[in-house]
Every structure is written in C-alpha cells, then in structure tokens.
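Trainee: Starting off with a structure, shown below.
The values are calculated or read from the model by the stated rules, or taken from the named source; none is laboratory data. Quick caveat, the model's predicted, so the values are computed rather than measured. When we count neighbours, we look across all protein chains shown, and the Cβ atoms used for this are built from the backbone with ideal geometry, even at glycine. The accessibility values were calculated without ligands, DNA or RNA, using every heavy atom of the protein model including side chains. Shrake-Rupley method; radii C 1.70, N 1.55, O 1.52, S 1.80 Å.
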Amino acid sequence: MECSREGEEPWPDEFQAGFVPRHTCQDKCLYHDHEVLDAILQCTCGRPPCRACAIAGAS
C-alpha cells in the first residue's frame, strides 16, 4: 500500500477545517541523504515548498 498523502492532506476520517499540514520541505531524501539505492524513484530533492509553507506564506 502506497501512502501519497505525506501529511499534506487529511485522511478521509479527519475534518478538513481543523487539519494542519505537516511541513515536508525539510524531509531527508532516502536516496541522496541516506544512500538507499532502491529509493531513486522516491527522491524528494528539488521539490517546491510544501503545502504548510505555502499556507504560512499566504497569511
């Protein structure tokens, strides 16, 4: 089972109104930072700012 939410959107049983996204922009890359060679397709380097940063910047 693959989890694509990554803390950026609520689970189906969570209320959207009270949901606060998790900061994901400082997450370590499994491939580059931890040298997990099988994780090349999960590289997170060069991603745009996370949703939490985008929301914080909009206020």
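Trainee: Cβ-Cβ under 9 Å, sequence separation 6+ or interchain: first residue in the stretch 35-59 and in contact (Cβ under 8 Å) with a residue 40 or more places away in the chain, partner of a type in the set (Phe, Trp, Tyr). Which pairs?
Mentor: Pairs that qualify, where the first residue is in contact (Cβ under 8 Å) with a residue 40 or more places away in the chain and the partner is of a type in the set (Phe, Trp, Tyr): there are none.
Trainee: Follow-up question, since we're still on this one. Restricting to the stretch 26-59, give me the number of residues that are among the basic types (Lys, Arg), under 14 Å from GLU8 (Cβ atoms) and exposed (fewer than 13 other Cβ atoms within 10 Å of the Cβ). So that I can check it myself, show each step before the final result.
Mentor: The initial filter retains those residues of the stretch 26-59 that are among the basic types (Lys, Arg), namely 28, 47, 51.
When the remaining residues are screened for being under 14 Å from GLU8 (Cβ atoms), the result is 47, 51.
Then keep just the ones that are exposed (fewer than 13 other Cβ atoms within 10 Å of the Cβ); that gives 47.
Selection size over the stretch 26-59: 1.
Trainee: Looking only at residues in the stretch 1-25 that are within 9 Å of the chain's Cα centre (by Cα) and open to solvent by 70 Å² or more (accessible area, probe 1.4 Å), which one is modelled with the lowest pLDDT?
Mentor: As a first pass, look at the stretch 1-25 and keep what is within 9 Å of the chain's Cα centre (by Cα): 4-8, 21-25.
Filter again for open to solvent by 70 Å² or more (accessible area, probe 1.4 Å), leaving 4, 6, 22-23.
On the way: SER4: 50, GLU6: 63, ARG22: 83, HIS23: 84.
Of everything passing the filter in the stretch 1-25, SER4 is modelled with the lowest pLDDT.
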